[in-house]
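What follows is a set of notes on a single structure, which appears directly below.
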Amino acid sequence: MKETTYEEIVRNLKNRVYAPVYFLMGEEDYYIDRISDYILDTVLTETEKEFNQTVLFGTDTDMAAIINAARRYPMMSEHQVVVVKEAQGLRNLDDLTYYLQKPLLSTILVFCYKHGSLDRRKKIVAEIEKHGVLFESKKLKDSQLPGFISSYLKRKKIEIEPKASEMMAEFIGADLNRMAGELEKLVITLPSGQRRITPEQIERNIGISKDYNNFELRSALIAKDVLKANQIIKYFGENPKNNPLQMTLAVLFNFFSNLMLAYYAPQRNEQGIAAFLGLRSPWQAKDYMAAMQKFSGNKVLQIISAIRNCDAKSKGVGNPSISDEDLLRDLVFFILH
C-alpha cells in the first residue's frame, strides 16, 4: 500500500482539504509536530478557536472523553479541531474504531502518537486508513540529512554549500527539531542580502570548526593525510565538549560500513554507488570512490572491527585509563597504516 507522505498531507491542508481523522505516529517527532501545529494554527480563525479548538493529553484523558469531544458540533464555525497529544499514553485506543465507523465530518480529530507505531495488522489501522489519514513519521537516515537541510532552507529561498550541509548533518545528527532550530539561527544571522550559507558562517554561529571537524577528519583519512589527521585529533583533544569521541566513532563507522557495501555495488561509478547506497546525489559517492582506491576490502573489515573495539574501550571495557584522545589517535594510526 502506498504510504501517505508529509508533503501530501501539507499540500491538502494548504488547499483546505481536510480528513475527519489524522493519526500521526512514529519515531520522528518533527513531522508529527509540524502537521499538528499547522492544523492548530490554520484551520480556525482566532475567534473560532475560542469555542472550537480542544487540546487533550493522552496521559490525562481517555477514549470516551475524546470521542465525546469529537462528536460535538462546531459553534459558529465550519469545523472544530480536537488534538490529542501524547496519544501513546492512551488506554483502550481500539475503542476509536466505533467512532471511525461514522466520524463527524465537521470535526478534525488529530492523534499525535510518538515514539512508536500501531501494529498494522490491527483492525483500527484499516479503519483509520479507510476514513482518515494514517501517517508514519520515520527517523531519517544519515545519508538523508543533507537533503533535509537543503529542502528546509530552500523553502526560505536560501542555499547552503555542500560542505556546510555535511558539517551540520554530522554535528547535529538526526534530531530534526534541533536541526531546524540551528538552521533558523543560521538564517537569522545571515548578513543582509546574503542568501547562501557557508562553512565560515557555521563556524562563527554554530561553533563547528570548518577545518577541524569529523567531515575533515574523514577526508584526511581518505586522502591518507597523516599530518592533517593528527592536527584534527589534537584539536578534538583540546575541545572535547564540541567533539565527543562517540560522535566521531559514529561518523567513521557509518562511512566505513557504507564503504564495505560499496564494494558490492553492481556498477562501481558515482551513479552506481550512489544508487546502491541510497545517497541523495552522485557527488556524495566521490568519497567512496576515492576510498576504494586507498583501502582494500579486507582492510575495511579490519577498520570496522577496530572502530567497534575503540567504542568498547571508550565505555570502559578493558580500558582502565586511556584517554579519548589517545584512543582516537591509536584508531587513526591503524586506519592510516
Inset, instruction - Determine if the stretch 270-293 includes at least one residue that is touching a helix residue (DSSP H, G or I) at 6+ places or on another chain (Cβ under 7 Å), surrounded by 15 or more Cβ atoms within 10 Å (Cβ to Cβ) and among the hydroxyl-bearing types (Ser, Thr, Tyr). - result: yes
Legend entry - Residues located in the stretch 25-42, provided they are within 17 Å of Leu56 (Cβ to Cβ) and either of a type in the set (Lys, Arg) or open to solvent by 50 Å² or more (accessible area, probe 1.4 Å) (or both): Asp37
Inset, instruction - Only residues that are surrounded by fewer than 16 Cβ atoms within 10 Å (Cβ to Cβ) and under 20 Å from the mean Cα position of the chain (by Cα): list them for the stretch 127-141, please. - result: Lys138, Lys139, Lys141
Inset, instruction - Pairs only if they're at least six apart or on different chains, beta carbon under 6 angstrom, first in the stretch 175-202 and under 16 Å from Arg34 (Cα atoms), second open to solvent by less than 70 Å² (accessible area, probe 1.4 Å); list them, first residue then second. - result: Leu176/Tyr30; Asn177/Tyr30; Arg178/Ile172; Met179/Ile172; Leu183/Tyr152
Inset, instruction - Read through the list (1) of a type in the set (S, T, N, Q); (2) within 18 Å of Gly89 (Cα to Cα); (3) at pLDDT 95 or above, then give the number of the only condition that Thr59 fails. - result: (3)
Legend entry - Residue satisfying condition, being in contact (Cβ under 8 Å) with a residue 60 or more places away in the chain and part of a helix (DSSP H, G or I), within set Gly237, Gly272: Gly237
Inset, instruction - Give the residue that is farthest from Gly26 (Cα to Cα), with candidates limited to residues of the stretch 90-103 that are open to solvent by less than 30 Å² (accessible area, probe 1.4 Å) and assigned to a loop (DSSP other than H, G, I, E, B). - result: Pro103
Legend entry - Subset of the stretch 111-138 [out of contact with any Leu (no Cβ under 9 Å at 6 or more places or on another chain) and in contact (Cβ under 8 Å) with a residue 40 or more places away in the chain]: His115, Gly116, Ser117, Glu129, Lys138
Legend entry - Pairs where the first residue, in the stretch 33-53, is within 18 Å of Phe135 (Cβ to Cβ) and the second is open to solvent by 50 Å² or more (accessible area, probe 1.4 Å) and in a helix (DSSP H, G or I), C-beta under 9 Å, 6+ apart: Asp33/Asn177; Tyr38/Lys14; Thr42/Lys14
Inset, instruction - Could you please find all residues in the stretch 134-152 being under 23 Å from Ala274 (Cα atoms) and not basic (Lys, Arg)? - result: Leu140, Asp142, Ser143, Gln144, Leu145, Pro146, Gly147, Phe148, Ile149, Ser150, Ser151, Tyr152
Legend entry - Residue list for the stretch 213-233, restricted to those being charged (D, E, K, R) and either touching a residue at least 40 places away in the same chain (Cβ under 8 Å) or touching a Leu at 6+ places or on another chain (Cβ under 9 Å) (or both): Arg218, Lys224, Asp225, Lys228
Inset, instruction - Examine the stretch 203-226 for a residue that is within 30 Å of Ala19 (Cβ to Cβ), open to solvent by less than 30 Å² (accessible area, probe 1.4 Å) and part of a helix (DSSP H, G or I), and state whether such a residue exists. - result: no
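The values are calculated or read from the model by the stated rules, or taken from the named source; none is laboratory data. Everything quoted here is computed from the prediction, not taken from an experiment. Ideal geometry is used to build each Cβ from the backbone, glycine not excepted, and the neighbour counts take in all protein chains shown. Heavy atoms of the whole protein, side chains included, go into the accessibility calculation; ligands, DNA and RNA do not. Shrake-Rupley method; radii C 1.70, N 1.55, O 1.52, S 1.80 Å.
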